[in-house]
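First up is the structure itself, then whatever we jot down about it.
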Amino acid sequence: MSGLISKMFGGGKGKNKAPTPQEAIQKLRETEEMLEKKQAFLEKKIDQEVGTAKKNAAKNKRAALQALKRKKRYEKQLQQIDGTLSTIEFQREALENASTNTEVLNVMGNAAKALKAAHQNMDVDKVHDLMDDVAEQQEIANEISEAISNPVGFGQDADEDDLMAELEELEQEELDQKLLDVGPMVDNLPAVPSEPVPVAAAKSKPQHDDDELKELEAWAS
């Protein structure tokens, strides 16, 4: 087993270079697969020896005892393989964690170098000076914008009262013009007729009303 481990990790004469974590992890996985196959083989052999012992227990005790001895030997080998697999698994996990930590540290180191290169010779005082320059230039830009948006000498000095009076005069002229544009009023009343209007004939009083009146006078007398 020691020879296998030595060979697995590149041991031997003339080989002083240590394998990388990835190479060691790969070798450990290959060894695990090999031992698992051996484990399955031993379990199968144990089952066979148990069958042989049961078969010869009554008629051939010697053969049955030999089968049990081989079973015990296989079980001992299987127990050793179980322990070896546990050790290899533990070592593989440790190597995987170490490899992950190494990768993380390498990435963090590269990031720190990149950050340092980005900052170069900058310090806090230089940053404050730069921000002051930016603020000063922004203030100058605002002053220039205000000066351009409020030009002097381009009709901005006119009296507001004079402008209002002129506006009222223009409104009055517009109103007068609208009144002059209105035409003569049209007489829409109907003409008076020249002939006399016939008077409607008076309605004749019904005969039955006179009879009722005479009858009422007769009762009164």
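Please treat every number below as a calculation from the coordinates, not as lab data. What you are looking at is a predicted structure, and each value in this text was computed from that prediction instead of being measured. Heads up, the Cβs are rebuilt from the backbone with ideal geometry, glycines too, and the neighbour counts pull from every protein chain shown.
Here each label is just a point 7 Å from Cα along the line to Cβ, and for GLU143 and PHE90 those points are 7.8 nm apart. The modelled label-to-label distance for the pair LYS126/GLN172, using points 7 Å beyond Cα in the direction of Cβ, is 7.5 nm. Share of pairwise Cα-Cα distances greater than 12 Å in the range 67-117 is 74 percent (whole percent).
Stokes-Einstein diffusion for the range 73-147 at 25 °C, viscosity 0.890 mPa s, with a Kirkwood radius from C-alpha pairs, works out to 132 µm²/s. Only alpha carbons enter this Debye calculation for the range 33-114, each as an equal point scatterer, and the log10 of I(q)/I(0) it gives at q = 0.19 Å⁻¹ is -0.83. Only Cα sites of the range 99-180 enter the Debye sum here, all with the same form factor; the resulting log10 I(q)/I(0) across q = 0.13 1/Å is -0.78, listed in q order. With θ taken as phi - 60° and the Karplus curve 6.51 cos²θ - 1.76 cosθ + 1.60 applied, the whole-hertz 3J(HN,Hα) list for the range 60-70 is 8, 5, 4, 5, 5, 5, 4, 5, 5, 5, 5 Hz, x standing for glycine and proline. Note on GLU30 and ASN110: the model spin-label points, each 7 Å out from Cα along the C-beta direction, lie 2.8 nm apart.
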